[in-house]
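*Asks:* Please see the structure below; I have some questions.
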Amino acid sequence: MAQTSTDRAATTDFNAYAVSTDKVATFDGQPRRDTPLTRTIEAAALLPDQSVSKSSFTVPASSTFEACASAFARGTLISTVMGPIAVEDLIPGDLVETHRGPQPVVWIGSTFYLPDFGGTTTSLSCLLRMPALGMDQSDLLLGPAARLVIRQDRFSDLLNCDAVLAPAKDYVDGDRVLCITPPGPVQLYHFALQRHGIVRANGREVESYHPGRVSASDIGPSVRAMLQSMFPHLDTLESFGDLAFPRTTREVIETLRVA
């Protein structure tokens with residue numbers, strides 16, 4: 001359920017968070033089923049009239065919805081035309097540097113990683129820490145929705161593209177990419193551009209938000225409608241357009257490497 005307000009000077013400094021883990025009281029000594037886990041996502045969208053709509057959504061704690069807001073940890077520096085800006089300081093309308101040139105941010109979502117938040121449906125089981133690329137950069141802390149840009153010379157011949165997108169979690173190796181559990185809550189973000197694009201986060205190439213193919217037959221009409229309601233700047237989810245590069249997995253990439 002969304003609570004919406006419109007404000008041309010709206011920012012994305014979200015200070016509140018909530019995750020519902022309410023349990024139903026026991027009956028005759030037998031525990032009754034817990035209520036479904038939910039998550040609060042704060043969002044800001046750039047509307048066609050250039051005003052900014054701010055909303056708060058209570059959604060299922062599932063990967064479909066968590067992917068909207070769980071790519072970049074608070075403090076991640078995003079390359080923009082004005083220089084690096086912390087992801088939490090981005091606002092709709094800011095121009096972000098992409099592989100296609102500058103593009104405006106049209107939607108930003110935020111939620112929280114909470115340690116010891118149980119449940120089999122949530123995808124926020126841990127965060128990923130990637131080492132800094134240079135002395136003047138910092139480590140990159142990512143959520144499960146982050147996809148990295150993987151480039152190989154053979155992609156041009158095999159796939160007719162320069163790069164592919166793979167989940168960052170596929171590259172956890174216990175050395176260069178670590179799965180970590182911070183001691184306290186960590187605010188996470190994701191943002192969509194006018195066109196799906198590749199951005200730089202702490203110097204690394206990462207994709208902007210795109211829901212991918214989410215047909216009603218795959219996730220159900222009610223879930224799709226709920227997801228659509230989170231993007232008031234678009235008429236349909238198909239309006240996200242095409243992906244900048246194909247999405248795949250590390251396993252498939254490794255197969256191509258030896259093909």
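The values are calculated or read from the model by the stated rules, or taken from the named source; none is laboratory data. Computed from a prediction, not measured in an experiment: that's the story for all the values here. FYI the Cβ positions are ideal-geometry reconstructions off the backbone, even for glycines, and counts take in every protein chain you see. What goes into the accessible areas is simple: the full protein's heavy atoms, side chains included, and nothing from ligands, DNA or RNA. Shrake-Rupley method; radii C 1.70, N 1.55, O 1.52, S 1.80 Å.
*Asks:* What's the total number of residues in the stretch 240-252 that are more than 18 Å from the chain's Cα centre (by Cα) and surrounded by fewer than 16 Cβ atoms within 10 Å (Cβ to Cβ)?
*Replies:* Here is the first cut: in the stretch 240-252, the ones more than 18 Å from the chain's Cα centre (by Cα) are 250-252.
Going one step further and asking which of them are surrounded by fewer than 16 Cβ atoms within 10 Å (Cβ to Cβ), we end up with 251-252.
Qualifying residue count for the region: 2.
*Asks:* Right, something else. Please go through the stretch 167-210 and give me each residue that is touching a helix residue (DSSP H, G or I) at 6+ places or on another chain (Cβ under 6 Å) and modelled with pLDDT of 95 or more, ordered by number.
*Replies:* Answer for the stretch 167-210, where residues must be touching a helix residue (DSSP H, G or I) at 6+ places or on another chain (Cβ under 6 Å) and modelled with pLDDT of 95 or more: TYR189, HIS210.
*Asks:* Can you confirm whether VAL59 is β-branched (Val, Ile, Thr) and farther than 18 Å from PHE117 by Cβ? Working first, answer last.
*Replies:* Details: β-branched (Val, Ile, Thr): yes; farther than 18 Å from PHE117 by Cβ: no.
Answer is no for this residue.
*Asks:* Looking only at residues that are touching a Lys or Arg at 6+ places or on another chain (Cβ under 9 Å) and β-branched (Val, Ile, Thr) in the stretch 198-216, which one is surrounded by the fewest Cβ atoms within 10 Å (Cβ to Cβ)?
*Replies:* The selected residue is VAL214.
*Asks:* I need the strands (runs of 3 or more DSSP E) fully contained in the stretch 54-150, keeping only those with at least 3 residues that are of a type outside the set (Asp, Glu) and open to solvent by less than 20 Å² (accessible area, probe 1.4 Å).
*Replies:* Working: elements: 77-80, 83-86, 103-113, 127-130, 140-142.
Per the criteria, 103-113, 127-130.
*Asks:* Scan the stretch 231-259 and report the pairs whose first residue is under 28 Å from GLN194 (Cβ atoms) and whose second residue is in a helix (DSSP H, G or I) and modelled with pLDDT of 90 or more, with Cβ atoms within less than 6 Å and a gap of 6+ or a chain change.
*Replies:* Qualifying pairs under 6 Å: LEU237/GLN228; THR249/ASP170.
*Asks:* Is it true that some residue in the stretch 33-42 is within 27 Å of MET130 (Cβ to Cβ) and touching a Gly at 6+ places or on another chain (Cβ under 8 Å)?
*Replies:* For the stretch 33-42, residues within 27 Å of MET130 (Cβ to Cβ) and touching a Gly at 6+ places or on another chain (Cβ under 8 Å): present.
*Asks:* When the residues of the stretch 151-178 are filtered to those that are farther than 22 Å from GLY212 by Cβ and in contact with a strand residue (DSSP E or B) (Cβ under 6 Å, 6 or more places away or on another chain), which remaining residue is most open to solvent (accessible area, probe 1.4 Å)?
*Replies:* LEU178
*Asks:* So PRO182 fits all but one of (1) open to solvent by less than 60 Å² (accessible area, probe 1.4 Å); (2) assigned to a loop (DSSP other than H, G, I, E, B); (3) of a type outside the set (Ser, Thr, Tyr); (4) over 23 Å from LEU127 (Cβ atoms); what number is the exception?
*Replies:* It fails just one condition, (4).
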